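Data first, discussion second: the structure below is written as structure tokens.
The values are calculated or read from the model by the stated rules, or taken from the named source; none is laboratory data. What you see is a predicted model, and the numbers here were worked out from it, not measured in a lab. Here the Cβ positions follow ideal geometry from the backbone for every residue, glycine too, while neighbour counts run over all protein chains shown. Accessible surface is based on the protein model in full, side chains and every heavy atom, while ligands, DNA and RNA are left aside. Shrake-Rupley method; radii C 1.70, N 1.55, O 1.52, S 1.80 Å.
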Amino acid sequence: MCPASYILEVISFVTALISLMTGTSVLIIYDPCYAHKDLLESFKKSRLRLVLCLLLMAFPSLALVVSTSALMLAMFIAGVTSDKLLVKILTGATCAIFIVLAIAAIYVFNTPLQKAVRGDNKDTTDVEKGPSVIAHGSVSR
């Protein structure tokens, strides 16, 4: 294996561990906050305090993203630099699947993102008033 993959695996482990520790501390620290109204009100007094609180609450998820990305990159580097042909083929197939999934995600989320940018943010969950089924299958208008 390439030395870079070892370094990325260590980075992955460390960020996962940091994510676990931060997530636990967020639970321990902010659980009593909801019992005390004064603590919740203090977040409204300073924007910096609110932003730092939100960053602290989001940090475990962000650290897990970094951890997963580093581990995936380490596995890809190990697969590409492998001496085994089957491992290289499987790594190439996995890369191709990720590219197809990225293209599919762009295709699926392109229209809602364009609507959000243009400001055509009508709620698409509203259905025109039509017959509705109520209890026992009766239809009302």
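In the assembled protein chains, L62 presents an accessible area of approximately 100 Å² (probe radius 1.4 Å).
Stretching I28 away from T81 to a fully extended chain increases their span by 14.7 nm, per 0.36 nm per residue minus the current alpha-carbon distance.
Model label points for D38 and V14, set 7 angstrom from Cα along the Cα-to-Cβ axis, are 4.0 nm apart. Rolling a 1.4 Å probe across the protein heavy atoms gives region 1-82 an accessible surface of 71 Å² per residue. Carbon-plus-sulfur accessible fraction, region 1-123 (probe radius 1.4 Å, protein heavy atoms only): 74%.
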